[in-house]
1. Anything in segment 142-169 that is over 19 Å from ASN60 (Cα atoms), assigned to a loop (DSSP other than H, G, I, E, B) and within 16 Å of ligand 1 (Cβ to nearest atom)? List them, or say none.
2. Could you tell me which numbered condition SER779 fails, if it satisfies all but one of (1) within 21 Å of SER423 (Cα to Cα); (2) of a type in the set (Gly, Ala, Ser); (3) in contact (Cβ under 8 Å) with a residue 12 or more places away in the chain; (4) surrounded by fewer than 24 Cβ atoms within 10 Å (Cβ to Cβ)?
3. Would you check if LEU298 is under 30 Å from ALA91 (Cβ atoms) and without any contact (Cβ under 8 Å) to a residue 40 or more places away in the chain?
4. Right, ARG228: more than 16 Å from ligand 2 (Cβ to nearest atom), of a type in the set (Lys, Arg) and outside any strand (DSSP E or B) or not?
5. Can you say whether ARG643 is within 17 Å of ALA574 (Cβ to Cβ), in contact with an Asp or Glu (Cβ under 9 Å, 6 or more places away or on another chain) and either in contact (Cβ under 8 Å) with a residue 12 or more places away in the chain or open to solvent by 30 Å² or more (accessible area, probe 1.4 Å) (or both), as far as the supplied structure shows?
6. Taking ALA210 as meeting all but one of (1) within 16 Å of ligand 1 (Cβ to nearest atom); (2) touching a residue at least 24 places away in the same chain (Cβ under 8 Å); (3) under 27 Å from LEU383 (Cβ atoms), write down the number of the exception.
7. Out of curiosity, is ARG463 closer than 28 Å to ALA176 by Cα and either open to solvent by 20 Å² or more (accessible area, probe 1.4 Å) or of a type in the set (Asp, Glu) (or both)?
8. Looking at segment 246-253, can you tell me whether even one residue there is more than 16 Å from ligand 1 (Cβ to nearest atom) and more than 24 Å from the chain's Cα centre (by Cα)?
Amino acid sequence: MAFMAAKRSEPYQGSNLLMEAVPSMKRCRARLRGIVQGVGFRPYVFQLAEAHRLNGWVRNDTDGVELEVAGTGVNIEGFLRDLPARTPPLARVVELEVHELPFEPMESFHILPSRGDRPRRALISPDTCVCEDCLRELRDPDDRRYRYPFINCTNCGPRYTIVRDVPYDRHRTTMASFSMCPACRKEYEDPLDRRFHAQPNACWDCGPQAWLEDAGGKVLAQGDEALREVPRLLARGAVVAVKGLGGFHLAADATREEVVSRLRRRKIREEKPFAVMFAGLEDVRDYCKVNEQEEGLLRSASRPIVLLERRPVHAGPPLAPGLAPRNRFLGAFLPYTPLHVLLMDGIRCRALVMTSGNQSDEPIVADNEEARERLKHIADHFLFHDRDIHMRCDDSVACVIRSVPRLLRRARGYAPAPVFLASPAEAVLGTGAGLKNTVCLTRDREAFVSQHIGDLENIETLRSFERTVQHLRKILEIRPRLVAHDLHPDYLSTQWASRQDRLPTLAVQHHHAHIASVVAERGLAGPVLGLALDGAGYGTDGTFWGGEILRVDGERMDRLGHLRPVPLPGGDGAVREPWRMALSYLWTLAPGRTESLYGDFLERWPAEKVSVLLQMLEKGINCPRTSSCGRLFDGVAALAGIRTRITHEGQAAMEWEQALAPAEGAYEGDVRQEEGEWIMDPLPIVNELVEDIRKGTLTGVLSARFHRGLERLLVRATKRAGEQTGLRRVALSGGVLQNRCLSRSLEAALEAAGFQVHTHREIPPNDACISLGQAHVGSLYLQRMARENP
Ligand SMILES: [Zn+2]
Ligand SMILES: [Zn+2]
């Protein structure tokens, strides 16, 4: 019997004395799909089989991993129980199929060569933070990789950002130019080694190296000396461009205001918060409150930036006030590459600004030459290395609401892991929206949402968009049969779609896509109510939507209700000047009498512009109508004196939320039916707000009453829509849901009203989710076409 082979000489130890003396022998074949290649899966199976004293084999094939085990029934059971439960950290098993076969003895356990010429469906893992084992070696003076900034193994390191093509093999990554030394090669070829087939495997002798340059291109230090020099430069107040995993960061001492403000000036970034990298979790705790889920996120292998509430009183040197002006939250993260760890170990202040290496809204810089050119006016020094970044990838951003982690930007550490779908999808490309663009490719039960690409408003970002589409198509080997895009004719993503003349296209309304993305992500079937609370998206009636109650049933979307539309004076310009929305609401309250009734508000705004806009409002010139919830936030924030103009998207709304203080009361909106639609009218809310402002009510109280009033308005209207349709499931989506107060209370109130509430978990609620919704609707369209024209 194979199981009695010399290697496994221990006797079978059945705990039950009544068991047969000779255990029954079995043989099973299993196949696993998901992220199971390039993550140490075969050595894992090998070791697990050994531990359960089983013989057999394991191999990679085009779909994933296939294996066979033979041994006692009890041992096989134990093996199959552990198999999906104890997988390597980067693996993700989506499907496990097991068949029993007639018993045949097998000798020992083998890793067989891969089957199939191309692993077409092997999934590439996202980039992952340095693991504990590598960290130990990094800090061990006796280890051959002591202080080697590119240490990695099968359980950690770069993946997506270095892959040029599939199958995932070293010569198809940016590690191709480094040939392994004998010591590294030995690890790479040993199935029992932690670096078995670790494609980026490297060491001081054979791998990538780092060096330090000044802004003039002069090399100042190399190797370890460069890494020791950077903390000294930072301590002297320098801004250093540091090449990381998915692009360059601009690093600066987070405790020095003059340094932070210099960085702001050079980067042309007025007030948008900077993220801070802390040396360790305890340092984060010194400045921020961290609950269990937030700690889990901070320490997760994806290492996102986590938005945390700041402590009013804290230990340690104060952080620079200019890091996140007027913000009770701070984006904090922990070092995730060995290079970061070495840097942070040398930093006395324990906190560095680590912001994307770019100027204002351009894509993150990823290439050395590009960095020298584009960052030369921002950085004083450059810490380069020679491992190329093939796919740029920003840091991801997450937060915790109602104990559930939520993503606000999904990029490094998450992409290109797929969203797994409940039913098979057609091959469709979704081109996303205009802001916070992502693209999405679907195939079978997988939806691949790209990393955050950015705002498609300049040629650099459009190029990055095109590169990402091309790259994903290549590494996923998906040939889309349809391109799904937004309804907005002016979006660059829409125009790009219309130029793909070999492929049919489908326009999907913006908020339909929002709700469809929740449906796809959460695996819902059948009709749902959708509450889309958003900036603005092009509606089917040519107005700008964004406060919508929809009934979404796959491809079909019905608008059941919405916020009362108001004029958007001057169109898009209103977005940058929230006081225009304030004026719009005041005008809507009293057309023709705005000046006489609200002069006390109007006098706070630029007089000339006010009179021009009032005329435009009266005559209805350049005043498209909008039911956007985001614009409502802008308007009330401006009325309350929070902001008249903004420097980055959503700023007024965010500061309005931040101003909130515990307080009694709520403003009361109105819900009524007009021409078969539920109209959520916030004008009574605005009216009460105006009265409160005139009484000198504190801003925090105004904000609390507004938030509660809006929540109640939304819940009341959703209840009516629920009664009308008989639907009890509500999907929530849209950029306004980044507002934690509203998200938290709205979800709870809808649940209290008896609704099943579905929210995004794996992708952001903002426009980053649009591409998935488009692809989902596109796929349903193709499937219907196939049914109707067989
Ligand atoms: Zn490792
Ligand atoms: Zn080596």
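1. ASP143, ARG144, ARG145, TYR146, ARG147, TYR148, PRO149, PHE150, ILE151, ASN152, PRO158
2. Condition not satisfied by SER779: (4).
3. Working: under 30 Å from ALA91 (Cβ atoms): yes; without any contact (Cβ under 8 Å) to a residue 40 or more places away in the chain: yes.
Yes, satisfied.
4. Numbers: more than 16 Å from ligand 2 (Cβ to nearest atom): yes; of a type in the set (Lys, Arg): yes; outside any strand (DSSP E or B): yes.
Judged against the criteria, ARG228 is a match.
5. yes
6. With (1) within 16 Å of ligand 1 (Cβ to nearest atom); (2) touching a residue at least 24 places away in the same chain (Cβ under 8 Å); (3) under 27 Å from LEU383 (Cβ atoms) applied to ALA210, the lone miss is (1).
7. For ARG463, the condition - closer than 28 Å to ALA176 by Cα and either open to solvent by 20 Å² or more (accessible area, probe 1.4 Å) or of a type in the set (Asp, Glu) (or both) - is met.
8. The answer is yes, given that some residue of segment 246-253 is more than 16 Å from ligand 1 (Cβ to nearest atom) and more than 24 Å from the chain's Cα centre (by Cα).
The values are calculated or read from the model by the stated rules, or taken from the named source; none is laboratory data. Nothing here was measured: the structure is a model prediction, and the numbers come from that model. Backbone-built Cβ (ideal geometry, glycine too); neighbour counts: all protein chains shown. To get the accessible areas, we keep the full protein, side chains included, count just its heavy atoms, and leave off ligands, DNA and RNA. Shrake-Rupley method; radii C 1.70, N 1.55, O 1.52, S 1.80 Å.
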